[in-house]
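What follows is a single structure, written as structure tokens, with notes after it.
The values are calculated or read from the model by the stated rules, or taken from the named source; none is laboratory data. Since the structure is predicted, the reported quantities are computational estimates derived from the model, not experimental observations. Backbone-built Cβ (ideal geometry, glycine too); neighbour counts: all protein chains shown. With ligands, DNA and RNA removed, areas are computed over all heavy atoms of the protein, side chains included. Shrake-Rupley method; radii C 1.70, N 1.55, O 1.52, S 1.80 Å.
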Amino acid sequence: MSQPAQQITEQQGPKVGIFDDVTNEEYHRGIGISKSGLDLIDRSPLHFIDSKHHPRQSTPAMELGTAFHTIILEPDVFERDYVKDPFPGSTAKAAREAREELKAKGKTVIHTARDAGYHGKDDWRTLHRMRDAVFAHPLASVLLDHGQGKAEQSVYWVDYSTRKLCKCRPDFINDAHNIAIDLKSTEDASFSEFAKSCAKFRYHVQDPFYRDGLREAGRPVSAFVFIAVEKRPPYGVGIYVLDDEAIRIGRIQYQNNLETYADCHKADEWPSYPEEVRTLSLPTWGLRGHIS
């Protein structure tokens, strides 16, 4: 059962549960360790604490990713906040001023092109074609049916072992099928390539971290599903779940990351990489030398 948003502060103690109206900005700015924070901890605690002191500026790719999630998960927000560039490709003074005026009104201007061609860069067209591909898919359209669940809820819980406040923000929870869904934009949504993305971006950590958090917050789900959508024509869509071994490994990794986070938080020490000299071995793919 979701709750109305409350002020979540260390001074009051953590408020745990599922909250409906925490904005994306409030969620990322607020307290609690997220999966993205654990990813930085996994690299090194120094990378994590540096990100807190010096938050990374949003990039065009990140903004486009946000727009993609919005057009599918919150179409009313997309309709309200996003606009097509009124002067496609123009750098004239009038075009720049028109864009600045729209931004001053809280609008996000999406790049368009006059004659982009089928493969040309046109972010407005890309967003709509990706959306259309998702809702034309016989399974993805059901899983993301807005009449069957809710998007962008914020989940908070206290980890039993470390007593640290954790948080996650599932893209969509389908109540009718009791499934949590994560939407991914990708260059290649094929079976083999998305498996590589899972390993590279630690999606196998995201699955158990989110599922465990939802259970602790009183909303257990029976499955965690990834919907991968390609960012280029023909905008292929792949739907995947992780096997038990991937989830088991992911759970071990996130628990280890949480232990490191708790230890660093207690000591207020955030080390970088080990200081000693270490011996490297080539990865398996690197052992395939050139054969002439």
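Summing +1 for each Lys or Arg and -1 for each Asp or Glu, what net charge is found among the other residues whose Cβ lies under 9 Å from the Cβ of Tyr27?
Every neighbour counted, the sum reads 0.
Once you have a ≥ b ≥ c as the square roots of the Cα gyration tensor eigenvalues for segment 171-292, tell me rounded if a/c is under 1.5, and otherwise prolate or oblate according to whether a/b is larger than b/c. Mind showing how you got there, number by number?
Numbers: a/c = 2.40, a/b = 1.10, b/c = 2.19.
Oblate shape, in that a/c is at least 1.5 and b/c is the bigger or equal ratio.
Which shape class, rounded, prolate or oblate, goes with the chain when its Cα gyration tensor gives a ≥ b ≥ c as root eigenvalues, a/c under 1.5 marks rounded, and past that a/b bigger than b/c marks prolate?
rounded
Report the relative contact order of the chain, percent, no decimals, based on alpha-carbon pairs under 8 angstrom and at least 6 residues apart.
Values: 390 pairs, mean separation 58.7, N = 292.
For the chain, the relative contact order is 20 percent.
Give me the percent of accessible area attributable to carbon and sulfur for segment 182-292, probe 1.4 angstrom.
Working: 3720 of 6990 Å².
Within segment 182-292, the accessible surface is 53 percent carbon and sulfur.
So for the chain: antiparallel DSSP bridges make up what percent, rounded to the nearest 5?
Percentage antiparallel, nearest 5: 60.
Would you calculate a helix-derived [θ] at 222 nm for the chain, using -39,500 (n - 2.57) for each DSSP H run of n ≥ 4 and dividing by the full residue count, to the nearest 500?
Roughly -13000 deg cm²/dmol at 222 nm, from the helical runs in the chain.
If we sort 64-70, 267-273, 81-87 on the protection proxy, mean other Cβ atoms within 10 Å, highest first, what's the order?
Ranked from most to least packed, the peptides come out as 64-70, 81-87, 267-273.
Going toward the positive end of the dipole of the chain, with +1 on Lys and Arg Cβ and -1 on Asp and Glu Cβ, which of Pro220, Pro88, Leu139 do you reach last?
Pro88
With 21 Å as the limit, write out which pairs from Lys35/Lys200; Lys35/Lys231; Lys35/Lys196; Lys107/Lys231 have Cα-Cα distances beyond it, or answer none.
Lys35/Lys231; Lys107/Lys231
Net charge around Leu64, counting only other residues with Cβ within less than 9 Å of its Cβ (Lys, Arg = +1; Asp, Glu = -1)?
Combined, the nearby Lys, Arg, Asp and Glu give -1.
Let me see the pair-distance distribution of segment 91-220: every alpha carbon pair, 10 Å bin width, integer percents in order.
Binned Cα distances yield the sequence 10, 26, 30, 22, 10, 2.
Using packing as a proxy for protection, rank 53-60, 142-149 so that the peptide with the highest average count of other Cβ atoms within 10 Å comes first.
Per-residue mean Cβ counts within 10 Å order the peptides as 142-149, 53-60.
How much accessible area per residue does the chain have, in Å², with a 1.4 Å probe? Provide the component values of the computation, followed by the final result.
Working: 17160 Å² over 292 residues.
Solvent-accessible surface per residue comes out at 59 Å².
What are the lysines whose alpha-carbon lies under 20 Å from the alpha-carbon of Lys150, with same-chain residues fewer than 8 places away excluded?
Lys167, Lys184
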